[in-house]
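Student: My structure is below; once you've seen it, I'll send some questions.
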Amino acid sequence: MITGSTDVRKLSGVGPKKAEALKRVGIGSVRDLLEHYPRAYQDRTTFTPIGQLQKDQDFQIRGKVIRLVSGNPYPVKKQPIRLQVEDATGILEVVFFNARYLTGFFKKGRVYDFYGRVTASLAGLQMIHPEFSEASEDEAPGILPLYPLAAGLSQKDMRKWTRAALSEISDLPEVLPAPCRERQRLCSHRYAMEALHQPPGKDSLKQGRYRLIFEELFLLQLGLTTLKRTRDQRKFDESIKKTADGESFTQSLPFPMTGAQKKALSEIYQDMESGYPMNRLLQGDVGSGKTVLAEAAIWKAVNSGFQAAFMAPTEILARQHLESLTKDFSAFGIRVAYLGSGLTASERRKTLEGLAKGTIDVVTGTHAILQERVEFQQLGLVITDEQHRFGVTQRSRLTEKGWMPDVLVMTATPIPRTLAVILYGDLDISIVDELPPGRKPVKTYGINSNRREKAYNYAEKEIQAGRQVYIVTPLIQESEEISCLSAEETYEELTKKWPDYQVGLLHGGMKTEEKNRIMEDFYGGRIHALVSTVVIEVGVNVPNATVMIVENAERFGLAQLHQLRGRVGRGPHPSACMLIVGGNSKVAEARVKIMTESGDGFYIAEKDLELRGPGEFFGTRQHGLPTLKIADLIRHRPIMEKARDEATLLLERDPELLNPEHQELLQELNRLFNWEDEGSIQL
Ligand code: ADP
Ligand code: MG
C-alpha cells in the first residue's frame, strides 16, 4: 500500500534516473505526481475518415499501408520514409524524416493508427511524424493526458505511473464536506483524480476538473477567510492611538515630499490616529520614495510611545533600511537595532533584551524578526517592505507580537484592484503614483549579444566620470545545461578588462558577512562595477549608480527587468539600462520593446499580463499564497465566488473546524497554509 507521502521511487519503473528527472518538475512524492495535472489532452476517441481530414488540425486515423517508399535497408542519408495509408474514404501520405530506426517497422498490407497534425503539401494532405501504433482489436485509445515534462520523461512514463499510483494509493482524502458537494453537485475527490489522469470520456473529465478547481479555490478561500477573520476581530481601542505630530520629522528631511507622498502619508497618519488598527497597502513604483513614508510612520509610532518593526525580504535590503533609519533618526534619539544573520550571539542577545525591555524603539531585519523568541515590550507598528515576497501567515505572525499593531505593507508590484481585494481582503490601499522631481527617465536599450562590447564601453566611460555600474547575470556559475553568462565568468572577464577599477561580485551563494562587505563597498563607492545575480533586484538604493547592464535579458520576466532598471536613475545623473539579449526569441523581443517604450510600472505590469496570461503572472507563489495547481484566479472567478460562499457557510457552522467530519479538511488547510520556514526569502 502506498500513500500520498510515499516516495515516487516506490512505484515500479521509477529508478534513480527517472526520479531525478521527476525532481526537475517538482515531483518527489506520489501526491506530487498525482497533483502534476495534465496540461492538455489528446482526443483519441474516434478515427476520422481520411476523406474528411482538414489541414492544420490534429486527427487520428486508422488505415492500411498500401505503398511504402524507402524499404531500402540502407536508406540514403536523410531520405524520408513515406507511407501511403488508405481507408474506405481516401488515401493519406505519412512521412518520417531522418527515421532510420523505423526502417522495416511498417509492413505493407497491415493496418496502423496514426495521430498527428494534418498539413497540406503539393501532393495533397500529409501527416508528418505522427504518433503511431499497430491497430489493435480494441477501440480507439480514448482521451490521453499530456503532462508537462522534463528531459528524461515521456508521456508514456507519466501515464503508466499515474495509473499505478491511482490503483495503489490508500489515502485520497475527501476534504469537501458532503453537504457542500451535494449543493454544488461535485463528484468525489477520487473520481476527479481518476477522471483527470485516465478520462473515461469528455464529460467525466469536465466534471473532474471542475471539482478539483472548486476544491483548490475553496481551500484558498477558507484559509484567507480564517486569516482575515483574525484581522476583522480588531476593534476600536483608545490605547492604540498614535498622536505624536509627525511634522518635525518631515521638516527634517532634505527634500520636500511629493504630492503623492503627502497624500499617502496623511492617509497613514489618519489610520494611526484613529484608534482602529491600520491595515494599509502602500503601492508605489520603484523609486517613488516609499522608504521615507515608512520612516515617517515609524517616527510617529515611536514618539507616541510604541515600538516598530520594519521587515525586509533580503539581508541587503534590511541592512540598507538600518542605515537610513539610523541616519534619518539620529537627530531624534530614536534607538534602532537590527535582526538577521551575521550578528554575534551577544549582539543578538542584546537586541532581544532591548526589544523585550523597550530600550530599543525600532527593529529592522529579515524574517528573523518573526522568530518566536523575539518579543516586544509594546509593538505598535509593523511594516513589511516589498510585501509580495512574504506569506500572508508571516505577516500575521508578526502582528501577533503586539496588541493590535498598525500594519503597513509596501510593494512596488502593481496589483490590479480585483486581485488585491482577494489577496489583501480588507486592506486599504494608498498609491504613490509620482516620482520625486528631477528624475530623468532611464534610457533603455535592447542590445544584441554580439554588440555587448558597446554596453561595456559605455559603462567604462561612466566609471571614468565617477559613476558606478551594475551588471546582472542570470546564473551564479557556468552551467553545462544552460548557455548563458554566469556572474563568476563575467566577474573574471571584467577584472581583466578593467584592471584600474574595482570590480565586485555578489550572489546568493555567498556568506552573509561577505555579501555585507561587498554591499558596503558598493554603497561607499569603493566598488565601481558590481557583478551580481538578481539578489539586488529589490529595493537597493545607490543613487551614484547610473548603468544597469542585464546579461541574457531574455531570461528575466518583465516585472524583474523593471525592478532591475529601478536600481539606476535614483540620483541627479542621467542613467542607462542595457538589456543584452542572446538568441532571438519573440517573447524576449516583445519584452525588450516594452521596456524601451515605458518606465511606468503599472503599464509594464499590464503588458506583462498580456504577454504571459493571468495564470503565470499571478503565479501566486510570489504573493505568498499556496501555489494553485489547477485553478486560475482570473479565468475561474465564477467558481471562486461559489467556493467563497461555501467557505463562509462552513465557517459559520463550524468556525474552528472542530467537527470530526472536518478533520481531513483542517489537516489539508494546515498543510497548505503552513509556510513556516519555507523560502519566500530570496537570499
Ligand atoms: P522606493 O519607493 O523604490 O522604495 P526609495 O524609498 O528607496 O524608493 O527612494 C528612492 C530615492 O528617492 C531615495 O534616495 C530617497 O531618498 C529619494 N527620495 C524619496 N522621496 C523624495 C522626494 N520627495 N524628493 C527627492 N528625493 C526623494
Ligand atoms: Mg524600497
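Student: What number of residues within segment 36-70 satisfy the criterion of being of a type in the set (Lys, Arg), over 15 Å from residue 130 (Cβ atoms) and not in a strand (DSSP E or B)?
Tutor: Let us first name the residues in segment 36-70 that are of a type in the set (Lys, Arg), namely 39, 44, 55, 62, 64, 67.
Add one more test, that the residue is over 15 Å from residue 130 (Cβ atoms), and what stays is 39, 64, 67.
Next, only the ones that are not in a strand (DSSP E or B) stay: 39.
Going through segment 36-70 one residue at a time, the tally reaches 1.
Student: While we're on this one: Under the condition of being modelled with pLDDT of 90 or more, among the aliphatic types (A, V, I, L, M) and within 16 Å of ligand 2 (Cβ to nearest atom), which residue from segment 261-295 is nearest to residue 362 (Cα to Cα)?
Tutor: 294
Student: Any residue in segment 320-345 that's touching a residue at least 24 places away in the same chain (Cβ under 8 Å): show its pairings with residues that are in a strand (DSSP E or B) and open to solvent by 30 Å² or more (accessible area, probe 1.4 Å) at Cβ separation under 7 Å, as long as the two are six or more apart or on different chains.
Tutor: Once the first residue is touching a residue at least 24 places away in the same chain (Cβ under 8 Å) and sits in segment 320-345, its partners that are in a strand (DSSP E or B) and open to solvent by 30 Å² or more (accessible area, probe 1.4 Å) give 322/336; 325/336; 329/336.
Student: Follow-up question, since we're still on this one. So, restricting to helices (runs of 4 or more DSSP H) that lie completely within segment 134-213, which ones have at least 2 residues that are buried (at least 20 other Cβ atoms within 10 Å of the Cβ)? Give the derivation first.
Tutor: Values: elements: 155-168, 178-184, 189-197.
It comes to 155-168, 189-197.
Student: Hey, among 436, 441, which residue is touching a Ser or Thr at 6+ places or on another chain (Cβ under 8 Å), surrounded by fewer than 19 Cβ atoms within 10 Å (Cβ to Cβ), modelled with pLDDT of 85 or more and assigned to a loop (DSSP other than H, G, I, E, B)?
Tutor: Working: 441 fails: touching a Ser or Thr at 6+ places or on another chain (Cβ under 8 Å).
Just a single option satisfies the conditions, and that option is 436.
Student: Scan segment 646-665 residue by residue and report those that are touching a helix residue (DSSP H, G or I) at 6+ places or on another chain (Cβ under 9 Å), open to solvent by less than 90 Å² (accessible area, probe 1.4 Å) and in a helix (DSSP H, G or I).
Tutor: 646, 647, 648, 649, 650, 651, 662, 665
Student: Still on this structure, please answer the following. Being small (Gly, Ala, Ser) and either outside the structural domain of residue 593 (by TED's automatic domain parsing) or part of a strand (DSSP E or B) (or both) is the filter here, so list the residues in segment 544-581 that pass it.
Tutor: Step one: filter segment 544-581 for residues small (Gly, Ala, Ser), giving 545, 553, 557, 559, 566, 569, 571, 575-576.
Within segment 544-581, 545, 576 qualify.
Student: While we're here: Please specify each residue of segment 23-58 satisfying the condition of being open to solvent by less than 30 Å² (accessible area, probe 1.4 Å) and over 17 Å from residue 197 (Cα atoms).
Tutor: Those that are open to solvent by less than 30 Å² (accessible area, probe 1.4 Å) and over 17 Å from residue 197 (Cα atoms): 28, 48, 50, 53.
Student: Let me ask you something else. Being open to solvent by 40 Å² or more (accessible area, probe 1.4 Å), closer than 26 Å to residue 264 by Cα and within 15 Å of ligand 1 (Cβ to nearest atom) is true for just one of 314, 326, 364, 384. Which residue is that?
Tutor: Numbers: 314 fails: open to solvent by 40 Å² or more (accessible area, probe 1.4 Å); 364 fails: open to solvent by 40 Å² or more (accessible area, probe 1.4 Å); 384 fails: open to solvent by 40 Å² or more (accessible area, probe 1.4 Å).
On inspection, the qualifying residue turns out to be 326.
Student: Within segment 539-565, track down each residue that is open to solvent by 10 Å² or more (accessible area, probe 1.4 Å) and within 16 Å of ligand 2 (Cβ to nearest atom).
Tutor: Those that are open to solvent by 10 Å² or more (accessible area, probe 1.4 Å) and within 16 Å of ligand 2 (Cβ to nearest atom): 539, 541, 543, 559, 560, 562, 563, 565.
Student: For the structure I just gave you, tell me whether residue 462 is away from ligand 2 (no atom under 16 Å from the Cβ) and farther than 22 Å from residue 563 by Cβ. Outline the logic, then answer.
Tutor: On the way: away from ligand 2 (no atom under 16 Å from the Cβ): yes; farther than 22 Å from residue 563 by Cβ: no.
Judged against the criteria, residue 462 is not a match.
Student: Being assigned to a loop (DSSP other than H, G, I, E, B) and open to solvent by less than 60 Å² (accessible area, probe 1.4 Å) is the filter here; which residues of segment 84-108 pass it?
Tutor: Just the residues of segment 84-108 that are assigned to a loop (DSSP other than H, G, I, E, B), to begin with: 88-89, 97-99, 103-108.
Across segment 84-108, the qualifying residues are 99, 103, 104, 106.
Student: Does residue 217 satisfy being touching a Leu at 6+ places or on another chain (Cβ under 6 Å) and buried (at least 23 other Cβ atoms within 10 Å of the Cβ)? Steps first, answer last, please.
Tutor: Values: touching a Leu at 6+ places or on another chain (Cβ under 6 Å): no; buried (at least 23 other Cβ atoms within 10 Å of the Cβ): yes.
No, not satisfied.
Student: Name the single residue, out of those in segment 269-298 being within 17 Å of residue 413 (Cβ to Cβ) and of a type in the set (D, E, K, R), that is farthest from ligand 1 (Cβ to nearest atom).
Tutor: In this case the residue turns out to be 280.
Student: Here is a check on your reading of the model: is residue 268 touching a Leu at 6+ places or on another chain (Cβ under 8 Å) and farther than 26 Å from residue 351 by Cβ? Can you show your working first?
Tutor: Values: touching a Leu at 6+ places or on another chain (Cβ under 8 Å): yes; farther than 26 Å from residue 351 by Cβ: yes.
Yes: the conditions hold for residue 268.
Student: Kindly indicate whether residue 526 is of a type in the set (D, E, K, R), under 24 Å from residue 319 (Cβ atoms), within 16 Å of ligand 2 (Cβ to nearest atom) and assigned by TED's automatic domain parsing to the domain that holds residue 471.
Tutor: So residue 526 does not fit the description; no.
Student: Taking the condition closer than 25 Å to residue 143 by Cβ, modelled with pLDDT under 95 and either within 38 Å of the chain's Cα centre (by Cα) or buried (at least 19 other Cβ atoms within 10 Å of the Cβ) (or both), does residue 2 pass?
Tutor: Details: closer than 25 Å to residue 143 by Cβ: no; modelled with pLDDT under 95: yes; either within 38 Å of the chain's Cα centre (by Cα) or buried (at least 19 other Cβ atoms within 10 Å of the Cβ) (or both): yes.
Here the answer is no, as residue 2 does not meet what is asked.
Student: Could you please find all residues in segment 526-543 being in a loop (DSSP other than H, G, I, E, B) and at pLDDT 95 or above? Reasoning before the result, please.
Tutor: Looking only at segment 526-543, we keep the residues that are in a loop (DSSP other than H, G, I, E, B), and these are 526-528, 533, 537-543.
Listed by number, the residues that qualify are 526, 527, 528.
The values are calculated or read from the model by the stated rules, or taken from the named source; none is laboratory data. Note that the coordinates shown come from a computational prediction; the quantities given were computed from them, not determined experimentally. So basically every Cβ, Gly included, is an ideal-geometry build from the backbone, and we count neighbours across all protein chains shown. Side chains are part of the model used for accessible areas, which takes the heavy atoms of the whole protein and leaves out ligands, DNA and RNA. Shrake-Rupley method; radii C 1.70, N 1.55, O 1.52, S 1.80 Å.
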